[in-house]
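Each reported figure results from applying straightforward, stated rules to the coordinates on display, with no laboratory input. Since the structure is predicted, the reported quantities are computational estimates derived from the model, not experimental observations. All Cβ positions, glycine included, derive from the backbone under ideal geometry; neighbour counts span all protein chains shown.
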Amino acid sequence: QIITRPEIRVLQAQLRAEEKKLDLVKQVGEALSSALDLDRLLALIMEKITELMEADRSTLYLLSEDGTELWSKITQGGELLEIRLKVGEGIAGWVAKSAEVVNIADAYSDKRFQPAVDLRSGYRTRSILCMPMRNNLGATIGVIQVLNKSGGPFDVEDEALLSALAGQAAVAIENSKLFHSVVTKNTQLLEAQEKLEAKQRDLNLLFEIEQEINRAVTLDELLDGLLHRAMDLVGTAAGSIVLLEPKTGDLYFRSVVGPSGAKIKRLRARL
């Protein structure tokens with residue numbers, strides 16, 4: 001059978017499309033393996049999936065910790081919205097609850113579809129492909145939903161491709177959560193260690209003050225010793241202790257350390 005030139009051009013176009021798809025899949029894998037910030041990761045996932053699925057827009061929902069709600073901070077198509085759905089509510093909620101794939105050619109013909117977002121934004125949803133994201137234990141951690149494929153409804157090949165991408169995304173999201181959990185625990189550990197070290201410094205200072213009190217024979221010796229400890233603690237080259245004279249109400253320098261200590265010690269001030 002002789003292949004005509006138009007048929008060759010069609011085959012070449014199909015080959016280029018598949019090569020582009022393979023390159024995008026590779027990009028998704030590389031991007032997901034390197035991104036650990038969850039918000040950046042979600043944005044990256046949806047950008048690549050939208051392009052790869054030839055969709056108009058995509059939304060990634062994550063399951064809340066208590067498993068009762070889906071939330072999304074990433075919505076493409078010109079708007080950044082936070083959408084919250086109860087598990088079981090709408091197409092995405094139904095997928096989260098049933099853990100089954102939904103592929104709809106006409107969204108408005110399906111009773112599970114809720115057009116509230118369309119009505120608020122003026123957007124018109126036509127075709128929907130919605131799929132659960134499962135972690136390595138098989139538990140659903142979220143839902144990926146793509147809308148309005150260019151050129152018609154989503155097919156079986158699209159389902160297989162999105163399933164593979166959802167698996168990659170789930171692993172990346174779990175890794176990101178684990179990373180941030182470890183970082184949080186390490187931060188808490190460092191904070192606890194710093195508090196413990198600060199407490200130890202306070203105890204050491206109290207012990208040193210007690211030693212100064214025990215060594216001092218006169219008040220001047222005591223004040224001079226305490227002043228030196230205080231200066232060492234804050235790292236200063238000069239300091240003074242000012243006392244109040246009860247009879248006159250004057251303030252006077254009882255202990256002074258510094259280059260002009262002798263002059264300063266003669267100064268008095270009235271309140």
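Report, in whole Å, the centroid distance computed from the Cα atoms of segment 241-271 and segment 195-238.
21 Å
Taking one equal scatterer on every alpha-carbon of segment 223-269, how large is log10 of I(q)/I(0) by Debye at q = 0.13, 0.15, 0.18, 0.19 1/Å?
Once normalised to I(0) and log-transformed, intensities are -0.30, -0.39, -0.54, -0.59.
Where in segment 99-181 are there trypsin sites (Lys or Arg not before Pro) that are in a DSSP coil and have at most 16 other Cβ atoms within 10 angstrom of their Cβ?
Within segment 99-181, the qualifying trypsin sites (Lys or Arg not before Pro) (loop, at most 16 other Cβ atoms within 10 Å) are Lys111, Arg124, Arg126.
Calculate, for Glu194 and Glu174, the FRET efficiency according to 1/(1 + (r/R0)^6) with r their C-beta to C-beta distance and R0 30 Å; round to the nearest 0.05.
The pair Glu194/Glu174 has a calculated efficiency of 0.45.
Tally Lys/Arg at +1 and Asp/Glu at -1 over every other residue whose Cβ is under 12 Å from the Cβ of Asn204; what's the total?
-2
What is the sum of charges, Lys and Arg at +1 and Asp and Glu at -1, for the other residues whose Cβ falls under 12 Å from the Cβ of Gly67?
Cβ neighbours under 12 Å give a net charge of -1.
Taking 0.36 nm per residue of separation and subtracting the Cα-Cα distance, what length does fully extending Met231 through Glu89 add?
44.5 nm
Beyond a 28 Å Cα-Cα separation, which of these cross-linked pairs lie in this structure: Lys48/Lys185; Lys48/Lys97; Lys195/Lys265; Lys199/Lys247?
Lys48/Lys185; Lys195/Lys265; Lys199/Lys247
Excluding Phe154 itself, what net charge comes from residues whose Cβ is under 11 Å from its Cβ, given Lys and Arg +1 and Asp and Glu -1?
-3
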